[in-house]
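S.K.: Next up is a structure, given as structure tokens.
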Amino acid sequence: MDSVGFKAPREAAPKTMTSAKIVVAGGFGAGKTTFVGSVSEIVPLTTEAMMTDASTGIDDLEATPNKATTTVAMDFGRVSLDEDLILYLFGTPGQQRFWFMWDDLVRGAIGAVVLADTRRLADSFAPVDFFEDRGLPYIVGVNTFDGVLHHDLNDVREALSIDQAIPIVRCDARDRESTKQTLITLVEYAMRQWIALRSPTAAG
Amino acid sequence: MSTGAGSSAEDDPGTFADVLNGFGLGSGRGRRKKVKRRDDPGDVNGREAPPALPPSEAEERGETRSGTGEEQFVSAEAIPFIPATAPNPAEETGFVRPYAITGGRTKANYPLELETLVSTREAAVMAVPDQIEHQLIMEECRTPRSVAEIAAALRVPLGVARVLISDAADTGLVTVHKTISGDEGAEAHLMLMERVLSGLRRL
């Protein structure tokens, strides 16, 4: 706030840097990596990029025949929002055997976007359950792969049986503007939640 | 890794042949070669990768080593190393157990979240730390980098990166920036969300 427009040389002042984190969840092939990549300033980094033999029987390629590989570890992107503020987007590992990493992922996160593929809506149950259990604010983004929304958003809400207050938006993971709007919806919702949960103290 | 093998070979008071092997191949691989030559008929598992050197040259090295026959027998005992390193030859760090870099330690002295930012301290820019990983961290963090980014850049598991960063911070090479988490300071978290929101709108 106090240093808007001031461009210091990178190494000069030991200024305080702040980072924030948003989690992007969803089933295998739901478009998490695409979503992260559409807004990230770096090519999404990942610890391991290839699907190994070990995941045979865990990953199901049937409904996404065009997808040959998947990330078996988490991938993430970076968005610099200000001189001293960096937002990181972390995609959840698709496989159940990496669930131990989810605790690391949600700790301190602003919230989560659950990307839903309406062809395989059941894949969204587990992330939804997890975030509800941890009390992490989340919204559902229905990824419209071919620009067409195949299902009514209310039907999706009913199928996922989630609360009316939780936003469900349609999004195109490939489109930067769409991803941006989805993230804005999430942060707005997370702030409403945060204030609502702390209403007695929020006045201060 | 070849750099690491080279530097360790310099430190070790090994034989000249060992030094050569250290440069030419991974140290683990060198050990395997020895084992194979000793127990040639017994090696039926066919796990041996094709040696990087033509056989004739390998013979030469065998000649060189014949002066230190004693050591060869010691090496032959080291067969258990093979299964530990063999399963995934495609993995670049397959010859070193991940936590070997940290001396087996798994705990960090700082709360290092995935998104926690680390930057190289200005006072330490000229420092040349002994451990190659610390050098890499310092190079990487000239502009602030998250723990996750550092782990990806160093190609080490997250837990290993945490210990390495913790060490680098302990020795004053890098600064660990404070991470705002939801639990401590509700006010700070709300402010952070506000800043993220306006930042996203500006994008």
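S.K.: Using a Förster distance of 30 Å, how high is the FRET efficiency between A:Glu83 and A:Ala165, based on the Cβ-Cβ distance and rounded to 0.05? Show your work: numbers first, answer last.
M.R.: On the way: r = 35 Å, r/R0 = 1.16.
Once rounded, the FRET efficiency stands at 0.30.
S.K.: From other protein chains only, count the Cβ atoms within 10 Å of every residue's Cβ in B:168-177, then give the mean. Display every interim value, and only then the final one.
M.R.: Values: counts 0, 0, 0, 0, 0, 0, 0, 3, 0, 8.
That works out to 1 on average.
S.K.: Could I ask something else about it? How large is ³J(HN,Hα) for each residue in segment B:106-114, as worked out from phi by the Karplus curve 6.51 cos²θ - 1.76 cosθ + 1.60 (θ = phi - 60°), to whole Hz, x for Gly and Pro?
M.R.: 10, 9, 9, 8, 10, x, 9, 7, 4
S.K.: Shielding by partners for A:86-93, please: the mean number of other protein chain Cβ atoms within 10 Å of each residue's Cβ. Write down the numbers at each step before the final one.
M.R.: Values: counts 10, 7, 9, 1, 4, 0, 0, 0.
Across A:86-93, the average partner-chain Cβ count within 10 Å equals 4.
S.K.: Still on this structure, please answer the following. Could you tell me which of the pairs A:Lys15/A:Lys180; A:Lys15/B:Lys178; A:Lys21/B:Lys178; A:Lys15/B:Lys107; B:Lys107/B:Lys178 are separated by over 22 angstrom between their Cα atoms in the structure shown?
M.R.: Numbers: A:Lys15/A:Lys180 27 Å; A:Lys15/B:Lys178 12 Å; A:Lys21/B:Lys178 14 Å; A:Lys15/B:Lys107 27 Å; B:Lys107/B:Lys178 18 Å.
The pairs that break the limit, which is 22 Å between Cα atoms, are A:Lys15/A:Lys180; A:Lys15/B:Lys107.
S.K.: Counting only other chains, and only Cβ atoms inside 10 Å, what mean value do you get across the residues of B:109-117?
M.R.: Numbers: counts 0, 0, 2, 0, 8, 13, 16, 5, 7.
Shielding by partners across B:109-117 averages 6.
S.K.: Size of the dipole of segment A:123-204 about the Cα centre, Lys and Arg at +1 and Asp and Glu at -1 on the beta carbon, nothing else charged, in debye to 20?
M.R.: Values: 8 positive and 13 negative charges, 92 e Å.
Dipole about the Cα centre, nearest 20: 440 debye.
S.K.: Separate question: Could you point to the residue in B:Val176, B:Leu164, B:Ala100 farthest towards the positive end of segment B:100-176's charge dipole, with +1 and -1 charges on the Cβ of Lys/Arg and Asp/Glu respectively?
M.R.: B:Ala100
S.K.: Using the alpha carbon gyration tensor of segment B:100-176, what are the three equivalent-ellipsoid semi-axes (square root of 5 times each eigenvalue), largest first, in whole Å? Numbers along the way, then the final one.
M.R.: Numbers: eigenvalues 55, 37, 25 Å².
Here the semi-axes work out to 17, 14, 11 Å.
S.K.: Around A:Ser80, which amide H atoms from residues at least 5 apart in sequence, or from another chain, sit under 5 Å from its own amide H, with H modelled in the peptide plane?
M.R.: Distant-sequence amide H within range of A:Ser80: A:Glu41, A:Leu87.
S.K.: Taking H as built 1.01 Å from N, whose amide H comes closer than 5 Å to the amide H of A:Val114, not counting residues under 5 places away?
M.R.: A:Ala25, A:Ile139, A:Val140, A:Gly141
S.K.: Does segment A:151-191 classify as rounded, prolate or oblate by the C-alpha gyration tensor (a ≥ b ≥ c root eigenvalues; a/c under 1.5 gives rounded; else a/b over b/c gives prolate, otherwise oblate)?
M.R.: On the way: a/c = 3.69, a/b = 1.35, b/c = 2.73.
In terms of gyration-tensor shape, oblate.
Taken together, the values in this text are just the output of simple stated rules run on the coordinates, not laboratory data. Bear in mind that the values here come from a model prediction, so they are computed numbers and not experimental data. Cβ coordinates were reconstructed from backbone atoms using ideal geometry, including for glycine residues, and neighbour counts include every protein chain displayed.
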